[in-house]
Amino acid sequence: MTYFPTIENIKKAAINIQQVADVTPLSFNLRLSKEYDANISLKREDLQRVRSYKIRGAYNKISSLSKIERDNGIVCASAGNHAQGVAYACNYLGIKGTIYMPAVTPKQKVEQTKLFGESWINVVLEGDTFDDSFLAAKQYCKTQNKTFIHPFDDPKIIEGQGTVGLEILNQTQKPIDYIFVPVGGGGLASGLIGVVKAVSPNTKIIGVEPQGAPSMKTSIDKNINTELKKIDKFVDGAAVKRVGDRTFAICKEGLHKMVTVAEGKVCQTILDLYNRDAIVVEPAGALTIACLDIFREEIKGKNVVCVISGSNNDISRTAEIKERALLYGKLKHYFIVRFPQRPGALKEFVAEILGSTDDITHFEYSKKSNKENAPAVVGIELKTPSDLAPLIKRMKENNFFGEYLNDKPDLFQYLV
């Protein structure tokens, strides 16, 4: 029989976790509501004590273990947020834990995991992706006879995450038309489906994934749980190659729609939330707001909830976030510029080829010697996307144009 999270078990989980998980605010957002002509509220799991919803499922699972399982210790794999939830639970319950994280995990997430777990946990950095860490953790678990705490594909995890849905429905008197939920492995979405199906069946749940890691959407489209060969790891909290078998079955039946959002759009959303709402989110936490453009007409006049899943962002990523946002918004462009062999060519390029509001943000000669005649990789930030065509026209007319790199991803990654 296929597993499905029941409202009774989710209510039990809510009682079980109340000592470690905060009831986070459901906050009306005026800016987004005006922009989309809808009543948009944000479920602020970024304000949870471990700065994401993951403490809910982690504690619900770990607290259910037998004495033998607790004494043997636990193991988990995580890109960061599940790790922090597990670490907090291990510390609170006095259980030894080994936590595998990808070697590329932002330093902030690693440090926070150690902070919450203190002497009760050991962090092992392994592999380039969550999936690499997952395999290493499972192997270690098998050889050491320890209990594996799955980040999403476990009934106790799903039921713990489902408590987010209970809170949402308890925090509003109005019927909710749409709930937008970020999807990585699918645990949070599955828990929400369990609540909504039982209590508010007319509410439509929309799952949102990063465009570079569409494991749930691909699986639903193919009607079989499908492992992706390659993913973009940028939205680290929601970038998995394969979703859970349980979560796939639940989401396939319970989601109204599954959509993806470009990483660049996610980055612009992160910047907007910080600059305009003073809200700090990680990339996965911005997914549900980044996708609202897709539903602009559908959500007009509706009551909408966006789950902000976490705020574990590393400030060292700010430059990359801004860069991706500018590239997505067609405001940052890279060229190979071939300077004509005439005196003052570089000065001419700056004074006459660039527009009055264009700004050079990257400049690197391709050769270290004879620079005056060497091509250069030049990054230019524009005021508006419409400034691009006139810029290219001036470059071509004056023999400066070499190649436009933005639409040549392989060359772009090699040169920039």
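Among Ala351, Ala21, Ala325, which one shows the highest mean-square fluctuation when the chain is modelled as a Gaussian network with alpha-carbon springs under 10 Å? Evaluated over the chain, the most mobile residue of the options is Ala351.
Heavy-atom accessible area of Ile158 with all protein chains present, probe 1.4 Å, nearest 10 Å²? Accessible area, nearest 10 Å²: 0 Å². Values (1) 37, 22, 21; (2) 44, 26, 18; (3) 40, 25, 21 are given for comparison; semi-axes √(5λ) of the Cα gyration tensor in Å, derived from the coordinates here, is the one labelled (2).
For segment 19-60, the per residue solvent-accessible surface stands at 36 Å², with DNA, RNA and ligands left out and a 1.4 Å probe.
Short-range pairs are left out: with C-alpha atoms under 8 Å and at least six residues apart, the relative contact order of segment 254-338 is 38 percent. For segment 46-176, the Cβ-based charge dipole about the Cα centre amounts to some 300 debye (Lys, Arg positive; Asp, Glu negative; other atoms uncharged).
For Arg49, the amide hydrogen comes within under 5 Å of the amide hydrogens of Asp22, counting only partners 5 or more places away or on other chains and with H modelled in the peptide plane. Accessible surface of the chain, 1.4 Å probe: 50 percent of it comes from carbon and sulfur atoms.
Taking amide H positions as modeled 1.01 Å from N, with prolines and chain starts lacking one, the residues under 5 Å from Ile179 and 5 or more places away or on another chain are Lys204, Ile205, Ile206, Val305.
With the cut-off at 30 Å, tell me which of the pairs Lys146/Lys217; Lys12/Lys67; Lys61/Lys197; Lys146/Lys204; Lys109/Lys322; Lys109/Lys265 have Cα atoms farther apart than that. Too far apart for the 30 Å limit: Lys146/Lys217; Lys146/Lys204.
Listed highest first by mean packing, meaning other Cβ atoms within 10 Å per residue, what order do 104-115, 380-391 come in?
104-115, 380-391
For Ile10, the shell of other residues with beta-carbons less than 15 Å away shows a net charge of +3, using +1 for Lys and Arg and -1 for Asp and Glu. Solvent exposure of Tyr100, expressed as accessible area, is near 20 Å², computed with a probe of 1.4 Å over the protein chains only. Given springs between every Cα pair under 10 Å in a Gaussian network model of the chain, which of Gly73, Gly94, Gly379 has the largest fluctuation? Ranking Gly73, Gly94, Gly379 by mean-square fluctuation puts Gly379 first. Computed from Cα positions, the angle between helix 130-144 and the longest principal axis of the chain comes to roughly 40 degrees. Relative contact order, whole percent, for segment 1-94 stands at 24, derived from Cα pairs under 8 Å and 6 or more residues apart.
Normalising the average separation of contacting C-alpha pairs (under 8 angstrom, six or more residues apart) by the number of residues puts the relative contact order of the chain at 15 percent.
With a 1.4 Å probe and all protein chains kept in place, how much accessible area does Asp128 have, in Å² rounded to the nearest 10? Per-residue accessible area (Asp128): approximately 90 Å². For Leu125, the amide hydrogen comes within under 5 Å of the amide hydrogens of Met101, counting only partners 5 or more places away or on other chains and with H modelled in the peptide plane. Identify which of Gly301, Gly355, Gly186 has the largest mean-square fluctuation in a Gaussian network model of the chain, with springs joining Cα atoms closer than 10 Å. Result for the chain, Cα springs under 10 Å: Gly355 fluctuates most.
Residues in segment 144-259 average 38 Å² of solvent-accessible surface per residue, probe 1.4 Å, ligands and nucleic acids excluded.
The values are calculated or read from the model by the stated rules, or taken from the named source; none is laboratory data. Quick caveat: nothing in here was measured; it's all calculated off a predicted structure. No Cβ is skipped: glycine too gets one built from the backbone with ideal geometry, and neighbour counts run over all protein chains shown. Note: accessible area is taken over every heavy atom of the protein model, side chains too, but ligands, DNA and RNA are not part of it. Shrake-Rupley method; radii C 1.70, N 1.55, O 1.52, S 1.80 Å.
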